[in-house]
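As structure tokens, the structure follows; a few thoughts come after it.
Nothing in this text is a laboratory measurement; each read-out follows from the coordinates by a stated rule. This structure is a prediction, so every number in the text was calculated from the model and none was measured. When we count neighbours, we look across all protein chains shown, and the Cβ atoms used for this are built from the backbone with ideal geometry, even at glycine.
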Amino acid sequence: MGKLKLPPKDVQCTCGNVITLQENSDWCTKCANKVFYNEKDQRRHRFHKLYTWAIILSVITFLTYIFIELLFEPVLNLK
């Protein structure tokens, strides 16, 4: 299945590079950031990126807690 062709639209990247898009998204050739045809898709991408980082940090925090409370602290109390 091919990509959906949209009417050409000039979109400016955060680096200042102007890209003509005919698809929902593409990569900036200057800074390699994702550039979107619609603002709604850009907000969705930003939220998804934030959500992914929050999940990763939550897992790391939980694993650190498990290590400290269940493994490290009982070893220190063996004295």
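Couple of notes before you dig in:
- Remark: pairs (first residue in the stretch 12-35, within 15 Å of R46 (Cβ to Cβ); second residue of a type in the set (G, A, S); Cβ separation under 8 Å; 6+ apart in sequence or on different chains) = K34/S25; V35/S25.
- Residue check for D41: outside any helix (DSSP H, G or I), among the charged types (D, E, K, R) and under 17 Å from the mean Cα position of the chain (by Cα): no
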